[in-house]
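J.: If you scroll down you'll find the structure; I have some questions about it.
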Amino acid sequence: MRMRLDKFISGQLPGMTRSRVRELLRSKRVTLDGVPATNGQLKIDPETAAVAVDGEPVPYRRFLYIVMNKPSGVVTAVRDSLSQTVMELLPEKLRRQGLFPAGRLDKDTEGLLLITDDGELCHRMLSPGAHVEKEYAVGLSKPLPKDAAGLFKSGIVLEDGTRCRPAELIPGGDPLSCRVLLTEGRYHQVKRMIAAAGSGVTSLKRVRIGGLLLPEGLPSGESIELEEAVAKALIFSKNRHIDGFPSI
Ligand code: URA
């Protein structure tokens, strides 16, 4: 799909306003296929055009796929009048118009969060029919009863009567930790499931979406970018333990 040269530059370079782009074009700092370009209305094929600003190539990324290690205390929202948002944690080079968090983690939940501007991928990833599994590491206020895993497997019923889809509960190394594996994303779901099983959540961290693991060594609050093909392959993989996660 062809697009205007000025729109291409403002969309691909962080912090670039349309007026700044006009200025760059006017002062002949933009080249298109090696030739100075001054007309921002020119239609280009973003997949093949070689655009550069001050000699620096402007790479084309149709969508961005950003993996964040969300810290506790930050809200999963594009903007919020009271609290810091996950978007405010993004480094300048990963900011651009149209990005949003794909799904929601509670303010006190940490771990793997995808931020993207690919609405279709987000919809696919969150639809219960797609069966994309999310894995949470859970800290418990007291040990769960022996039959808890069975309750989860048969579809635990929440306090308000909602029956959840079958989920997996894996005991942790000690009685006060476990893993919960879900394919749906109801409001406060893990906390409500754990409450229905007779315990409480003291800490919650998402560690996996599909085959996409929270990268080991990604510090809390930091983000990395994934290539489109890598993001899609990992998220929609049924394999829970992917080798070769892009190193950071
Ligand atoms: N379940 C919860 O209760 N909270 C989250 O943030 C995610 C899943």
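The values are calculated or read from the model by the stated rules, or taken from the named source; none is laboratory data. Quantities reported herein were computed from a predicted structural model and do not represent experimental measurements. Glycine gets a Cβ as well: all are built from the backbone with ideal geometry, and neighbour counts include every protein chain shown. The area values use the complete protein model at the heavy-atom level, side chains included, leaving out ligands, DNA and RNA. Shrake-Rupley method; radii C 1.70, N 1.55, O 1.52, S 1.80 Å.
J.: Apply the Karplus curve 6.51 cos²θ - 1.76 cosθ + 1.60, θ = phi - 60°, to the phi angles in region 211-220 and return the couplings in whole Hz, x for Gly and Pro.
T.: x, 8, 8, 4, x, 4, x, 7, x, 4
J.: Send over the semi-axes of the chain's equivalent ellipsoid, whole angstrom and largest first, taken as the square roots of 5 times the C-alpha gyration tensor eigenvalues. List each step's numbers first, then the result.
T.: On the way: eigenvalues 373, 58, 45 Å².
The answer is 43, 17, 15 Å, longest axis first.
J.: So, with +1 on the Cβ of K and R and -1 on the Cβ of D and E, and no other charges, what is the size of the charge dipole of the chain about its Cα centre, to the nearest 20 debye? Show your work: numbers first, answer last.
T.: Numbers: 36 positive and 30 negative charges, 112 e Å.
Approximately 540 debye in magnitude.
J.: How much solvent-accessible surface does Lys7 expose, in Å² to the nearest 10, with a 1.4 Å probe and all protein chains in place?
T.: Estimated to the nearest 10 Å², Lys7 gives 110 Å².
J.: Can you sort His188, His131, His123 by solvent-accessible area, 1.4 Å probe, largest first?
T.: Order by accessible area, largest first: His123, His131, His188.
J.: If the only charges are +1 at each Lys and Arg Cβ and -1 at each Asp and Glu Cβ, what is the size of the charge dipole of region 133-209 around the Cα centre, to the nearest 20 debye?
T.: The dipole of region 133-209 has a size of about 140 debye.
J.: May I ask you to derive the relative contact order of region 139-191, considering only C-alpha pairs under 8 Å and at least 6 residues apart, and to give it as an integer percent?
T.: 31
J.: Further question: Find which of Thr109, Ser81, Met68 sits farthest along the positive direction of the dipole of the chain, computed with +1 on the beta-carbon of Lys and Arg, -1 on that of Asp and Glu, about the Cα centre.
T.: Result: Ser81, furthest along the dipole toward the positive end.
J.: Moving on. Per residue, how large is the accessible surface of the chain? Use a 1.4 angstrom probe and give square angstrom.
T.: Result: 53 Å² per residue.
J.: Also: Could you give the length gained on full extension between Arg62 and Leu181, defined as 0.36 nm per residue of separation minus the Cα-Cα distance, in nm?
T.: Result: 39.7 nm gained on full extension.
J.: Just read off the accessible area of Met16 with the full protein assembly in place, 1.4 Å probe, to the nearest 10 Å².
T.: 40
J.: What ³J(HN,Hα) values, in whole Hz, does the Karplus curve 6.51 cos²θ - 1.76 cosθ + 1.60 give for region 197-202 when θ = phi - 60°, with x put for Gly and Pro?
T.: Values, residue by residue: 8, x, 10, x, 9, 9 Hz.
J.: Kindly provide the helix-only [θ] at 222 nm of the chain, computed as the sum of -39,500 (n - 2.57) over DSSP H runs of four or more divided by all residues, to the nearest 500 deg cm²/dmol?
T.: -5000 deg cm²/dmol
J.: Give me a comma-separated list of calculated 3J(HN,Hα) values for region 173-187, in order, Karplus coefficients 6.51, -1.76, 1.60 applied at θ = phi - 60°, integers in Hz, x for any Gly or Pro.
T.: So the Karplus estimates, Gly and Pro as x, are x, 9, x, 9, 8, 7, 10, 10, 10, 10, 10, 10, x, 6, 4 Hz.
J.: Sequence gap at least 6, Cα distance under 8 Å: using those rules, report the relative contact order of the chain to the nearest whole percent.
T.: Relative contact order of the chain: 19 percent.
J.: Leaving out ligands, DNA and RNA, and with a 1.4 Å probe, what % of the accessible surface on the chain is carbon or sulfur? Mind dumping the intermediate values first?
T.: Values: 6760 of 13130 Å².
Heavy-atom surface of the chain belonging to carbon and sulfur, 1.4 Å probe: 51 percent.
J.: I've got another one for you. In nm, what is the difference between 0.36 nm times the number of residues separating Arg124 and Ile224 and their Cα-Cα distance?
T.: 33.8 nm
J.: Cα-Cα pairs above 14 Å in region 3-57: how many percent?
T.: Everything past 14 Å amounts to 43 percent.
J.: Can you bin region 155-248 into rounded, prolate or oblate? Criterion: square roots of the alpha carbon gyration tensor eigenvalues sorted a ≥ b ≥ c, rounded for a/c under 1.5, prolate for a/b above b/c, oblate for the rest.
T.: prolate
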